[in-house]
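S.K.: This is the structure, below, for whatever I ask next.
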Amino acid sequence: MKDEKPVVYVVDDDPSVLKSLERLLRSASFDVETFSSALEFLDFHHRDAPGCLILDVKMPELSGLELQERLTGRDIAFPVIFITGHGTIPMSVQAMKAGAIDFLQKPFLDKDLLDIVSRAVATNLQEWQAQRELRKLRERLETLTPREVEVLRLVATGMLNKQIAFDLGTSEKTIKVHRARVMEKLNAASLADLVRVADKLGIRSSGG
Amino acid sequence: MRPTNHIITSAALLFLGWWFLLISPEASASAPRERILLLFPYESNVPGFINFEAGFRSTLTASKDFQFEFYVECMDLTRFPDQRYHDKLMELLREKYSGLKIDLIVAAMRPTLDFLAQYSPESFRGVPVIAYGQDPGLLLNPPPVPVAAMVTGRLDMEGTLALALRFHPDVRRVFVVAGASSYDQALEAAAKEALRGFENQVELVYLTGLPIDELIQRTSSLPEHSLLFYIAVFRDGSGRTFKSPQALALISKQANAPIYSLSDTYIDSGIVGGHLISHSVQGAKVGQVALRILAGKKPGNLESSEGSENRYIFDARQLKRWGVREESLPPGSDVRYREFSLWAAYRWQIVGVVSVLFIQAFLISALVLSLRKQRRIDGALRDAEAKYRTVADFTHDWEYWLAPDGNPRYVSPSCERITGYAYREFFENPSLFREVIVPEDREDWDGHDLDSRMERCSRGVQFRIRTRSGNIRWIEHMCRPVTNERGEFQGVRASNRDITERKNAELEAQLHREELTHVTRIVTVGELATSLAHEINQPLTAIRCNAEAAQRFLSGAAPDLDEVRTILDDIIQDDARAGEVIRRIRALVKKEPLRREAVVLNDAVRESIALVRNASFLAGLSIVAELDTELPPVQGDRVQLQQVVLNLLLNGTAAMRDTSPDSRKLVITTAKQDGRSVMVSVKDSGTGIDKNDMDRLFEPFFTTKADGLGMGLSISRTIIKAHGGTIGAENNPEGGATFYFTLPADRGDQP
């Protein structure tokens, strides 16, 4: 499993600020993508890579906060860092509620920004990795037959093969075969491993 | 010359006087001397005799042939009829005239003739005697002594009574009055004889010889239709003697009937009149006879039976009293004591004198009236003069009137209050009007002065003067050409008002206005604070990031120096950008005196937009500038004009708070207007202006914003007005409002 290099996205309508931010981030070895407007950012085809989003609050046409709302709608889950020239408390509250991880007043210390960005990127990397694992598990889950999914669900509830066979009206031996196939398909080494995967995938018995 | 003339005249008169003195005695000495003796039987001062003697003497003395000596003897024979007195008197006369040669004797009246006849003294023998009597009936004919001539008058008793009865036709009784003396008796006898013819016409009653008191009593109570005929009373019944007119006067005073008589001596003693004998005429007649006798001529008797020498004489007062009309008098009557006798006698003279007097009086009154009128006019003129002088002299302002030649015709005393110079000094030195003006303002004044003289139209100008004490005062000068009723130029009437206080107040107000404008501007800048912070933050942020980036790049193993160079260029640019923002703010906040310069409005608009753009934290706001590229510059203060633009932009922004972000749009337009002015308008898409607020928009402290001061638009209007422009607002048909202002275009002909 290979980690993608994180990307920092910067959206600011002021070209000189945008350019200086890009340089600063690049000097800290981040990959940087810059956009002079929110719409431009929305049109961009994102790589499947972890990253974070630096947004200027006040921009013509579409403000940073509005962009944040739209991204939530699109399930693009980058951590968002707001920068603003004249932030207000209501504005920052709104931004934080919507999931922003920080709200920086211009001018800010480069260290502050870089720290926040690093943290954001790190957080996002983990999330991105978890997401990627889950995605893989789901892909595997797709390979299971409906009978195997049923067996998995019942196994995750902690039922014995005998009980599962009884429930499904089949033999214990058959259940064993299904179970082995499930474990193989889901790449689970042990029963505990299988239960954890089932947990991640959100497969739970609806209760005995 | 005059004294010489005077001396000559005096000398001539002296000579003439001396000559007469020499001549007269010589002439009189040559004439024969005649001695005349006048014998009169009564007392000396009987009026009839006095008149007689006067007529006689004046006739004689009128003759140059003789010189006369007159001797008069009033012998008083009738009052003293005693024989012994007569004897002694004759003896006395003989003795008296024994040494004199009498040349002529005039013996008046019958008693005298009788006296002469009785004694006929030797001394008078051979002396011619002229016998005189009032009436032929009163002298004996032939006379008792030989006479040279007899001269008589005539007492016209019949004529007089006939006349009286004609005047009083209803008279029934005639009372004839006579005294008790022998002469009275003689006269009465003559009257009885003469009046006999009237007996069948009237009743004749003779009141003869009565005592005077009884006579008065009788004549005062006469029956009706009576008439008194007065003959003579020399002695009354009681023996009292009278001068006959005297007695008549006593009677007539109380008589109740008209009295007629015979002699002119009775006129004025109460008689109406009659055909009267005149004693002076008789005297003159005797005088002429005497002259003829003395000249040796035959005298001849002169008797008058017709009474032709008698005259109709009347007393006007009595005529009036008894109702006798003057028209009924015989022609040629002499009416005396007429009330208008002077009028009758001197009618034309009186008319003349009165006319002259009247004309004189008229002229005098006309003169007096004219004088009074003149005085009244003078008075009115003086009053008017005083009134208008008071009006002029008590003015507060410095009033004056310059003649066309530039010399003052009037300067009000108030000039001293304003200039410190007395009005006389302006008369003495007319150029003082210009000299008091401070040198800097004299050019303005000269221009005005020339205009007012040449163009002759009213104008105003303001200038400063230096007073006598060296103070500076502001003067507002107004003047008008003066023309008379013929439209001729009479100079310039001017009024100088001391407006120093007003001017100071104006200056102070302007200072306040500038102060307020400045404060408002700072408030505006305050409103822009966030925007300005942003404006500065942006470049600062960029600088910081760039600098950090550069540092990191440089600390790397193989720094990209080109990149670092680019970064440094950007830093410089951003710094410049921040500097520009600060410059703009300082330009707005700085307190500078008002300047007048050519302002390119488009620049001011662009800069204002730059300031506001980021201040408009209204999402979706777009600011569109539609600027006329050929907009002429305007004259004014750039900062203040930008303040107005800024105000309008902020105003428009504020108006769109409740507008949906998609339609928030400000359009700012500059445009030329008819070549003379430029217009700047800011159109918003806000809520528009409430109709009720439209009028108050530009009033101070009017605001619809919760946090507004209400000074922005008010100050904007003040600024635009000070620049000679107009400011206004109107609602757009499609919604929102447009605020605009116009300013006169700078035509470039002013510095």
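The values are calculated or read from the model by the stated rules, or taken from the named source; none is laboratory data. None of the values given here were measured: they were computed from a predicted structure. Positions of Cβ are generated from backbone atoms using ideal geometry, with glycine treated the same way; all protein chains shown enter the neighbour counts. For accessibility, only protein heavy atoms count, side chains too; no ligands or nucleic acids. Shrake-Rupley method; radii C 1.70, N 1.55, O 1.52, S 1.80 Å.
S.K.: What percent antiparallel are the DSSP beta bridges of chain B, to the nearest 5? Mind dumping the intermediate values first?
M.R.: Working: 54 of 99 bridges.
Of those bridges, close to 55 percent are antiparallel.
S.K.: Separate question: Within 10 Å of each Cβ of B:548-554, how many other protein chain Cβ atoms are there on average?
M.R.: 6
S.K.: Something else about it: Taking the Cα centroid of segment B:561-608 and of segment A:13-72, what is the distance between the two, rounded to the nearest whole Å?
M.R.: That distance is 28 Å.
S.K.: What length, rounded to one decimal in nm, is gained on full extension from B:Asp658 through to B:Asn471, with 0.36 nm per residue of separation minus their alpha-carbon distance? Intermediate values should be presented prior to the final figure.
M.R.: Numbers: separation 187, 0.36 × 187 = 67.32 nm, distance 6.02 nm.
Result: 61.3 nm gained on full extension.
S.K.: Right, another one. For a Förster distance of 56 Å, can you work out the FRET efficiency between the beta-carbons of A:Lys173 and A:Glu40, rounded to the nearest 0.05?
M.R.: Details: r = 61 Å, r/R0 = 1.09.
Working from the Cβ atoms, E equals 0.35.
S.K.: Based on alpha-carbon centroids, what's the gap between segment B:646-703 and segment B:514-531 in Å, whole number please?
M.R.: If you average the Cα positions of each part, the centres end up 18 Å apart.
S.K.: Are there any trypsin sites (Lys or Arg not before Pro) in segment A:1-88 that are in a DSSP loop and have at most 13 other Cβ atoms within 10 Å? List them by number.
M.R.: Qualifying residues, ordered by number: A:Lys2, A:Arg47.
S.K.: Calculate, for A:Arg26 and A:Arg74, the FRET efficiency according to 1/(1 + (r/R0)^6) with r their C-beta to C-beta distance and R0 22 Å; round to the nearest 0.05.
M.R.: FRET efficiency, A:Arg26 to A:Arg74: 0.25.
S.K.: Next up: Take every DSSP beta bridge with both residues inside segment B:167-279 and express the antiparallel ones as a percent of the total, to the nearest 5.
M.R.: Of those bridges, close to 5 percent are antiparallel.
S.K.: Right, next: Points 7 angstrom from Cα along the Cβ direction at B:Phe702 and B:Ser328: gap in nanometres?
M.R.: 11.5 nm
S.K.: By its C-alpha gyration tensor, with a ≥ b ≥ c as the square roots of the eigenvalues, how is segment B:40-119 shaped: rounded for a/c under 1.5, else prolate for a/b larger than b/c, else oblate?
M.R.: Numbers: a/c = 2.52, a/b = 1.45, b/c = 1.74.
It is oblate, given that a/c is not under 1.5 and a/b is not larger than b/c.
S.K.: A further question on this structure: Under a point spin-label approximation (7 Å from Cα along Cα-to-Cβ), what is the B:Asp569-A:Lys162 distance to one decimal in nm?
M.R.: That separation, rounded to one decimal, is 8.4 nm.
S.K.: What are the ³J(HN,Hα) values, in whole Hz, obtained from phi via the Karplus relation 6.51 cos²θ - 1.76 cosθ + 1.60 with θ = phi - 60°, for each residue of segment B:77-88 in sequence order, with x given for Gly and Pro?
M.R.: Values, residue by residue: 5, 6, 6, 10, x, 4, 4, 5, 4, 4, 4, 4 Hz.
S.K.: Of all GluC sites (Glu not before Pro) in segment B:519-582, which ones are in loop regions per DSSP and have a Cβ with at most 12 other Cβ atoms within 10 Å?
M.R.: Listed in order of number, the matching sites amount to none.
S.K.: Taking a ≥ b ≥ c as the square roots of the Cα gyration tensor eigenvalues, with a/c under 1.5 meaning rounded and otherwise prolate when a/b beats b/c, else oblate, which class fits segment B:557-665?
M.R.: Note, shape of segment B:557-665 comes out oblate.
S.K.: Also, quick follow-up: Which GluC sites (Glu not before Pro) in segment B:175-242 sit in a loop by DSSP (not H, G, I, E or B) and have at most 16 other Cβ atoms within 10 Å of their own Cβ?
M.R.: B:Glu199, B:Glu224
S.K.: For segment B:90-105 and segment A:124-155, compute the distance between their C-alpha centroids and round to whole Å.
M.R.: 220 Å
S.K.: Extension gain B:Ser370-B:Leu511, at 0.36 nm per residue separation less the Cα-Cα distance, in nm?
M.R.: Here the answer is 43.9 nm.
S.K.: Tally the DSSP beta bridges in the protein assembly as shown and give the antiparallel ones as a percent, rounded to 5.
M.R.: DSSP beta bridges in the protein assembly as shown are roughly 45 percent antiparallel.
S.K.: Could you sort B:Tyr423, B:Tyr740 by accessible area so the largest value comes first, with the probe set to 1.4 Å?
M.R.: Descending accessible area places them as B:Tyr423, B:Tyr740.
S.K.: Let me ask another. Build a GNM of chain A with springs between Cα atoms under 10 Å: which of A:Met59, A:Met96, A:Met159 gets the top mean-square fluctuation?
M.R.: Result: A:Met159 has the largest fluctuation of those listed.
S.K.: Let me ask something else about it. When the chain is fully extended, how far beyond the present Cα-Cα distance does B:Arg442 get from B:Asp170, taking 0.36 nm per residue of separation?
M.R.: Details: separation 272, 0.36 × 272 = 97.92 nm, distance 11.58 nm.
Residue separation times 0.36 nm, minus the Cα-Cα distance, leaves 86.3 nm.
S.K.: Suppose R0 equals 45 Å; then what is the FRET efficiency for B:Asp560 and B:Lys672 from their Cβ-Cβ distance, rounded to the nearest 0.05? Show your work: numbers first, answer last.
M.R.: Numbers: r = 53 Å, r/R0 = 1.18.
Here the calculated transfer efficiency is 0.25.
S.K.: Peptides B:285-293, B:235-243: what's the order by average Cβ count within 10 Å, highest mean first?
M.R.: Numbers: B:285-293: 22.1, B:235-243: 17.7.
Listed from highest to lowest mean packing, they are B:285-293, B:235-243.
S.K.: Next question, about the same structure. Amide H neighbours of B:Val72 under 5 Å, counting only residues 5+ apart in sequence or on other chains, H built in-plane at 1.01 Å?
M.R.: B:Leu38
S.K.: Still on this structure, I have one more. Amide H of A:Phe103: which non-local residues (sequence gap of 5 or more, or other chain) have their own amide H closer than 5 Å, using H built in the peptide plane?
M.R.: Placed amide hydrogens put A:Phe82 under 5 Å from A:Phe103.
S.K.: Still on this model: Place a label point 7 angstrom from the Cα of A:Glu127 along the Cα-to-Cβ direction, then list the residues of segment A:96-118 whose backbone nitrogen is under 20 Å away.
M.R.: Zone members listed by number: A:96-104, A:113-118.
S.K.: Would you mind calculating the relative contact order of chain B from Cα pairs under 8 angstrom and at least 6 residues apart, reporting the percent as a whole number?
M.R.: The value is 7 percent.
S.K.: Can you tell me how segment A:157-208 classifies by the Cα gyration tensor, rounded, prolate or oblate, using a/c under 1.5 as the rounded cut?
M.R.: Note, shape of segment A:157-208 comes out oblate.
S.K.: So what J values fall out for segment B:185-198 if you push phi through Karplus, 6.51 cos²θ - 1.76 cosθ + 1.60 with θ = phi - 60°, rounded to Hz, Gly and Pro as x?
M.R.: Each residue of segment B:185-198 in turn: 5, 4, 5, 4, 4, 5, 5, 4, 5, 6, 8, 4, x, 8 Hz.
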